[in-house]
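Participant: I'd like to ask you about the structure that follows.
The values are calculated or read from the model by the stated rules, or taken from the named source; none is laboratory data. Since the structure is predicted, the reported quantities are computational estimates derived from the model, not experimental observations. Note: ideal-geometry Cβ built from the backbone for every residue, glycine included; neighbour counts use all protein chains shown.
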(Lines give C-alpha, C1' and ligand atoms only; values in the text may rest on other atoms or scores of the structure.)
Protein backbone atom coordinates (compact mmCIF):
# COMPACT_ATOMS: atom_id res chain seq x y z
CA UNK A 1 0.00 0.00 0.00
CA UNK A 2 1.48 3.32 -1.09
CA UNK A 3 1.74 6.33 1.29
CA UNK A 4 -0.60 9.26 0.58
CA UNK A 5 0.82 12.27 -1.28
CA UNK A 6 2.46 14.90 0.95
CA UNK A 7 5.58 16.02 2.68
CA UNK A 8 7.44 13.28 4.55
CA UNK A 9 10.53 13.53 6.79
CA UNK A 10 13.88 12.29 5.43
CA UNK A 11 17.00 10.97 7.22
CA UNK A 12 18.80 14.30 6.65
CA UNK A 13 16.12 16.13 8.67
CA UNK A 14 14.38 17.78 5.68
CA UNK A 15 10.92 17.07 4.25
CA UNK A 16 10.55 15.60 0.71
CA UNK A 17 7.43 15.58 -1.46
CA UNK A 18 5.85 12.17 -2.26
CA UNK A 19 3.37 12.39 -5.14
CA UNK A 20 1.73 9.10 -4.27
CA UNK A 21 3.84 7.02 -6.69
CA UNK A 22 7.38 8.31 -6.50
CA UNK A 23 9.66 10.80 -4.75
CA UNK A 24 10.02 14.22 -6.37
CA UNK A 25 13.03 16.56 -6.31
CA UNK A 26 11.26 19.03 -4.01
CA UNK A 27 12.68 19.46 -0.51
CA UNK A 28 11.88 21.81 2.39
CA UNK A 29 12.93 22.46 5.95
CA UNK A 30 10.63 20.91 8.50
CA UNK A 31 7.89 23.22 9.80
CA UNK A 32 7.90 23.66 13.56
CA UNK A 33 4.60 22.65 15.21
CA UNK A 34 2.41 25.53 16.30
CA UNK A 35 2.28 25.84 20.11
CA UNK A 36 -1.22 26.03 21.56
CA UNK A 37 -2.28 29.40 22.91
CA UNK A 38 -1.76 29.63 26.69
CA UNK A 39 -4.84 29.48 28.87
CA UNK A 40 -5.26 32.82 30.69
CA UNK A 41 -4.92 32.59 34.47
CA UNK A 42 -8.05 32.96 36.56
CA UNK A 43 -8.74 36.58 37.38
CA UNK A 44 -6.93 38.02 34.31
CA UNK A 45 -8.48 39.57 31.18
CA UNK A 46 -6.94 38.93 27.71
CA UNK A 47 -5.88 42.13 25.91
CA UNK A 48 -8.27 43.68 23.43
CA UNK A 49 -7.16 42.91 19.85
CA UNK A 50 -8.59 46.07 18.32
CA UNK A 51 -10.91 44.18 15.98
CA UNK A 52 -14.55 44.76 17.03
CA UNK A 53 -15.64 41.75 15.02
CA UNK A 54 -13.00 39.38 16.30
CA UNK A 55 -14.42 36.49 18.27
CA UNK A 56 -12.98 36.13 21.71
CA UNK A 57 -11.30 39.52 21.74
CA UNK A 58 -12.60 40.05 25.26
CA UNK A 59 -13.21 37.13 27.62
CA UNK A 60 -14.48 37.17 31.19
CA UNK A 61 -13.17 34.16 33.16
CA UNK A 62 -15.84 31.86 34.54
CA UNK A 63 -16.46 32.15 38.30
CA UNK A 64 -14.72 29.66 40.51
CA UNK A 65 -16.72 26.46 40.92
CA UNK A 66 -18.51 26.65 37.54
CA UNK A 67 -17.93 24.10 34.76
CA UNK A 68 -14.90 25.02 32.71
CA UNK A 69 -13.36 27.28 35.35
CA UNK A 70 -9.62 26.76 35.98
CA UNK A 71 -9.00 24.39 38.86
CA UNK A 72 -6.85 25.30 41.82
CA UNK A 73 -7.77 28.98 41.65
CA UNK A 74 -9.43 30.64 44.60
CA UNK A 75 -11.74 33.65 44.34
CA UNK A 76 -10.23 37.01 45.35
CA UNK A 77 -10.54 37.77 49.08
CA UNK A 78 -13.50 39.83 50.15
CA UNK A 79 -12.79 43.31 51.40
CA UNK A 80 -14.36 44.85 54.46
CA UNK A 81 -15.78 43.32 57.65
CA UNK A 82 -17.96 40.24 57.53
CA UNK A 83 -21.48 40.24 58.92
CA UNK A 84 -20.42 38.08 61.89
CA UNK A 85 -17.56 40.42 62.81
CA UNK A 86 -19.87 43.44 62.59
CA UNK A 87 -22.36 41.70 64.89
CA UNK A 88 -19.64 40.94 67.45
CA UNK A 89 -18.42 44.55 67.36
CA UNK A 90 -21.93 45.91 67.91
CA UNK A 91 -22.47 43.47 70.80
CA UNK A 92 -19.18 44.55 72.42
CA UNK A 93 -20.15 48.24 72.18
CA UNK A 94 -23.54 47.51 73.74
CA UNK A 95 -21.89 45.62 76.63
CA UNK A 96 -19.48 48.51 77.29
CA UNK A 97 -22.35 51.02 77.33
CA UNK A 98 -24.32 48.84 79.74
CA UNK A 99 -21.30 48.55 82.06
CA UNK A 100 -20.81 52.33 82.05
CA UNK A 101 -24.50 52.90 82.76
CA UNK A 102 -24.37 50.38 85.61
CA UNK A 103 -21.34 52.12 87.16
CA UNK A 104 -23.01 55.52 86.95
CA UNK A 105 -26.24 54.24 88.46
CA UNK A 106 -24.30 52.31 91.11
CA UNK A 107 -22.26 55.38 92.10
CA UNK A 108 -25.40 57.48 92.49
CA UNK A 109 -27.09 54.73 94.50
CA UNK A 110 -24.11 54.28 96.84
CA UNK A 111 -23.76 58.02 97.36
CA UNK A 112 -27.42 58.37 98.35
CA UNK A 113 -27.22 55.27 100.55
CA UNK A 114 -24.13 56.66 102.31
CA UNK A 115 -25.97 59.92 103.04
CA UNK A 116 -28.87 58.00 104.61
CA UNK A 117 -26.48 55.90 106.72
CA UNK A 118 -24.70 59.05 107.95
CA UNK A 119 -27.96 60.64 109.05
CA UNK A 120 -28.98 57.44 110.87
CA UNK A 121 -25.63 57.32 112.68
CA UNK A 122 -25.83 60.95 113.70
CA UNK A 123 -29.21 60.43 115.33
CA UNK A 124 -28.10 57.26 117.12
CA UNK A 125 -24.79 58.49 118.59
CA UNK A 126 -24.87 60.36 121.94
CA UNK A 127 -24.04 64.06 122.04
CA UNK A 128 -20.42 65.15 122.06
CA UNK A 129 -20.66 65.89 125.79
CA UNK A 130 -20.32 62.15 126.38
CA UNK A 131 -16.78 62.33 124.93
CA UNK A 132 -14.43 64.58 126.95
CA UNK A 133 -12.04 65.04 124.03
CA UNK A 134 -14.82 65.48 121.44
CA UNK A 135 -15.92 63.31 118.54
CA UNK A 136 -13.23 62.24 116.05
CA UNK A 137 -15.30 63.40 113.08
CA UNK A 138 -16.51 66.71 114.45
CA UNK A 139 -15.41 70.15 113.29
CA UNK A 140 -16.15 72.78 110.68
CA UNK A 141 -15.91 72.37 106.90
CA UNK A 142 -12.49 73.08 105.43
CA UNK A 143 -11.20 73.70 101.91
CA UNK A 144 -8.04 71.95 100.70
CA UNK A 145 -6.40 70.80 97.49
CA UNK A 146 -6.09 67.19 96.37
CA UNK A 147 -3.30 65.57 98.41
CA UNK A 148 -3.37 68.00 101.36
CA UNK A 149 -4.08 66.90 104.92
CA UNK A 150 -6.93 68.25 107.05
CA UNK A 151 -8.47 67.99 110.51
CA UNK A 152 -11.64 66.10 111.43
CA UNK A 153 -12.14 67.06 115.08
CA UNK A 154 -9.75 64.87 117.07
CA UNK A 155 -8.80 62.89 113.94
CA UNK A 156 -6.32 64.00 111.28
CA UNK A 157 -6.24 63.03 107.60
CA UNK A 158 -2.61 62.67 106.57
CA UNK A 159 -1.32 64.40 103.39
CA UNK A 160 -0.27 62.44 100.32
CA UNK A 161 -3.59 60.99 99.15
CA UNK A 162 -4.34 60.94 95.43
CA UNK A 163 -7.13 60.43 92.89
CA UNK A 164 -7.12 57.17 90.94
CA UNK A 165 -8.81 56.74 87.55
CA UNK A 166 -11.71 54.33 87.10
CA UNK A 167 -10.90 53.38 83.53
CA UNK A 168 -11.66 56.85 82.16
CA UNK A 169 -15.24 56.91 83.50
CA UNK A 170 -14.63 58.34 86.95
CA UNK A 171 -12.21 58.69 89.85
CA UNK A 172 -11.64 57.31 93.33
CA UNK A 173 -9.79 58.53 96.41
CA UNK A 174 -6.65 56.45 97.02
CA UNK A 175 -3.98 56.32 99.74
CA UNK A 176 -5.88 58.34 102.34
CA UNK A 177 -5.22 57.50 106.01
CA UNK A 178 -6.55 58.95 109.26
CA UNK A 179 -4.75 59.24 112.59
CA UNK A 180 -7.02 59.14 115.64
CA UNK A 181 -6.26 60.97 118.91
CA UNK A 182 -7.37 59.72 122.30
CA UNK A 183 -9.18 56.49 123.02
CA UNK A 184 -12.26 57.13 120.91
CA UNK A 185 -12.91 54.17 118.58
CA UNK A 186 -15.72 55.86 116.68
CA UNK A 187 -15.46 55.88 112.88
CA UNK A 188 -15.09 59.19 111.08
CA UNK A 189 -17.53 60.00 108.28
CA UNK A 190 -17.09 63.03 106.06
CA UNK A 191 -18.10 64.26 102.62
CA UNK A 192 -15.83 65.71 99.93
CA UNK A 193 -17.23 68.16 97.35
CA UNK A 194 -14.83 68.95 94.48
CA UNK A 195 -14.85 72.11 92.38
CA UNK A 196 -15.56 69.95 89.30
CA UNK A 197 -19.00 69.16 90.73
CA UNK A 198 -18.11 65.63 91.87
CA UNK A 199 -18.79 64.58 95.43
CA UNK A 200 -18.20 61.51 97.58
CA UNK A 201 -18.70 60.26 101.12
CA UNK A 202 -15.78 58.71 103.01
CA UNK A 203 -15.37 56.77 106.26
CA UNK A 204 -12.54 55.28 108.31
CA UNK A 205 -12.12 53.34 111.54
CA UNK A 206 -8.97 52.75 113.61
CA UNK A 207 -7.41 49.37 112.94
CA UNK A 208 -7.20 46.86 115.80
CA UNK A 209 -4.40 47.86 118.15
CA UNK A 210 -3.57 50.98 116.12
CA UNK A 211 -4.45 54.66 116.16
CA UNK A 212 -4.62 54.89 112.36
CA UNK A 213 -7.08 53.68 109.77
CA UNK A 214 -7.53 53.51 106.00
CA UNK A 215 -10.18 55.75 104.41
CA UNK A 216 -12.75 54.22 102.03
CA UNK A 217 -14.71 56.54 99.72
CA UNK A 218 -17.61 56.03 97.33
CA UNK A 219 -16.31 56.05 93.71
CA UNK A 220 -17.10 59.19 91.69
CA UNK A 221 -18.49 58.47 88.21
CA UNK A 222 -19.80 61.95 87.38
CA UNK A 223 -17.71 65.12 86.82
CA UNK A 224 -14.56 63.30 87.92
CA UNK A 225 -12.01 65.73 89.45
CA UNK A 226 -8.34 65.94 88.50
CA UNK A 227 -5.10 66.22 90.45
CA UNK A 228 -4.77 69.67 92.00
CA UNK A 229 -8.52 70.26 92.23
CA UNK A 230 -9.97 72.10 95.20
CA UNK A 231 -12.25 70.20 97.54
CA UNK A 232 -14.51 71.17 100.47
CA UNK A 233 -14.39 68.65 103.32
CA UNK A 234 -17.42 68.53 105.59
CA UNK A 235 -17.36 66.34 108.75
CA UNK A 236 -20.59 64.38 109.23
CA UNK A 237 -20.03 63.45 112.91
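Participant: Regarding the range 160-178, can at least one residue be identified that is closer than 19 Å to residue 142 by Cβ, surrounded by 14 or more Cβ atoms within 10 Å (Cβ to Cβ) and out of contact with any strand residue (DSSP E or B) (no Cβ under 7 Å at 6 or more places or on another chain)?
Facilitator: no
Participant: Still on this structure: If residue 232 satisfies all but one of (1) at pLDDT 85 or above; (2) in a loop (DSSP other than H, G, I, E, B), what's the number of the condition it fails?
Facilitator: (2)
Participant: What pairs come out if I take residues in the range 208-237 that are at positive phi and loosely packed, with under 14 Cβ neighbours inside 10 Å and pair them with residues that are at pLDDT 90 or above and part of a strand (DSSP E or B) whose C-beta lies under 7 Å away, six or more apart or interchain?
Facilitator: That search, which allows pairs on different chains as well, returns 228/145.
Participant: Of the residues 222, 183, 208, which is closer than 29 Å to residue 98 by Cβ, assigned to a loop (DSSP other than H, G, I, E, B) and modelled with pLDDT under 90?
Facilitator: Just a single option satisfies the conditions, and that option is 222.
Participant: Just need a number here: residues in the range 117-174 that are modelled with pLDDT under 85 and touching a helix residue (DSSP H, G or I) at 6+ places or on another chain (Cβ under 8 Å).
Facilitator: 5
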